[in-house]
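Input: a single structure, listed below in structure tokens.
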Amino acid sequence: MNRESKPANAEAGQMIFLQPEFKQMIWGGSRLRTEWNYEIPGDDTGECWAVSAHPNGDCIVSTGSHKGKRLSQMWADAPELFDNVNEEGGLLEEKFPLLTKIIDAKDDLSIQVHPDDAYAKVHENGSLGKTECWYILDCPEDGALVLGHHASTREEMQEMIDQGRWDDFLQEVPIQKGDFIQIDPGTLHAIKGGIMLLETQQNSDITYRVYDYGRLSNGKPRQLHIEQSIAVTRVPAAPVEECVFHTAAGEKNKMQVLIENPYYQVSRMEVEGTVNWMQTEGFRIVSVLEGSGQVNGTAVKKGDHFILPAGFGEVEAQGEMTLFMSTPGRRK
């Protein structure tokens, strides 16, 4: 996408707010209500799909001239707001590229892995793969994640899985609030109970479960995907230092880029007082993680998520709040 600022119509100066979609999960809890003030469907709510155009959770636009539309429809109807128009006037990308979630894990999630674009295209009906990253919002004092494994070869991995040697096979790494974790396709992983995080990912819902602790859902074990998991898991696993980053508090009112790759650029900003910046990306997803304030005169608070369209121009944020932002990466 073209990343240079350009004149746009009046809609480009309007923030796009969305109604989140919620997912009830066997491992979910109630913190999305008690700590984020969302109206959740039950005390087993595990995920808030805050900005999503995926068919499994397509958010409704709640403001502006496109109010009432699904985000996927707005993406198709107003591509100029996302700098998604090619030279012939068609769409550069057919699908909205990103998905932003908040995850509340009351219990451990399954041990799982995601495919890359090439594998998903062939084996999952043309779906995108799933590259994702996590920002740890809260976790226990002794918090840990499953991240990677100890198998040296694919044959050893097959043997450990077949024999159920999970303690020998799985690798746990300690984490703390504010850590940033990059999960490339092929990385075996699991969020453990007590962790709350914000996830930025490709617009995909493809997950392969390797192990689910023998849990039952509606009286039956949940489906596992052993063959697919073995096919896509990276062996040996990536070094932990390539995946886990301990982020120190950045300078106030400065954009702190946490990662940039072909799929997304993710950044954080601690707003204190007033800060201005130019919106030059195709579009930017913004989540308010703490505090409250105003963005270009519009009141925002913890739990709000919105999109700054392409060509938005100058952004003025005021107040005391933590903003977490993402924009699509430069695909080669």
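The values are calculated or read from the model by the stated rules, or taken from the named source; none is laboratory data. Predicted model, so just to flag it, every value in this text is computed and none were measured. Cβ: placed from backbone, ideal geometry, glycine included. Neighbour counts: every protein chain shown. All accessible areas refer to the heavy atoms of the entire protein, side chains included, with ligands and DNA or RNA removed. Shrake-Rupley method; radii C 1.70, N 1.55, O 1.52, S 1.80 Å.
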Open item on the list: Going through D167, D108 one at a time, which residue ends up being open to solvent by 10 Å² or more (accessible area, probe 1.4 Å) and in a loop (DSSP other than H, G, I, E, B)?
Closed with: D108
Task: Members of the stretch 111-163 found to be touching a strand residue (DSSP E or B) at 6+ places or on another chain (Cβ under 8 Å), small (G, A, S) and part of a loop (DSSP other than H, G, I, E, B), listed by number - done: G129, G143
Task: Residues satisfying the stated conditions in the stretch 65-97, i.e. of a type in the set (V, I, T) and touching an Asp or Glu at 6+ places or on another chain (Cβ under 8 Å) - done: none
Task: Failed item, numbered, when M278 is tested on (1) of a type in the set (A, V, I, L, M); (2) in contact (Cβ under 8 Å) with a residue 40 or more places away in the chain; (3) open to solvent by less than 50 Å² (accessible area, probe 1.4 Å) - done: (3)
- [ ] Go through the stretch 301-325 and count every residue that is assigned to a strand (DSSP E or B), surrounded by fewer than 17 Cβ atoms within 10 Å (Cβ to Cβ) and touching a residue at least 60 places away in the same chain (Cβ under 8 Å).
- [x] 1
Open item on the list: On the basis of being touching a residue at least 24 places away in the same chain (Cβ under 8 Å), among the basic types (K, R), surrounded by 16 or more Cβ atoms within 10 Å (Cβ to Cβ) and more than 16 Å from I16 (Cα to Cα), does R268 make the cut?
Closed with: yes
- [ ] Among the residues of the stretch 113-134, write down those that are buried (at least 21 other Cβ atoms within 10 Å of the Cβ) and of a type outside the set (A, V, I, L, M, F, W, C).
- [x] H114, P115, G129, K130, T131, E132
Open item on the list: Under 6 Å between Cβ atoms, which residue pairs at least 6 apart in sequence (or on different chains) link something in the stretch 283-300 that is open to solvent by 40 Å² or more (accessible area, probe 1.4 Å) with a partner that is β-branched (V, I, T) and at pLDDT 95 or above?
Closed with: E290/T322
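Condition check ((1) of a type in the set (A, V, I, L, M); (2) assigned to a loop (DSSP other than H, G, I, E, B); (3) more than 17 Å from the chain's Cα centre (by Cα)) across all residues:
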site	(1), (2), (3)
A12	yes, no, yes
K23	no, no, no
W27	no, no, yes
E39	no, yes, yes
E47	no, no, no
G64	no, yes, yes
K67	no, yes, yes
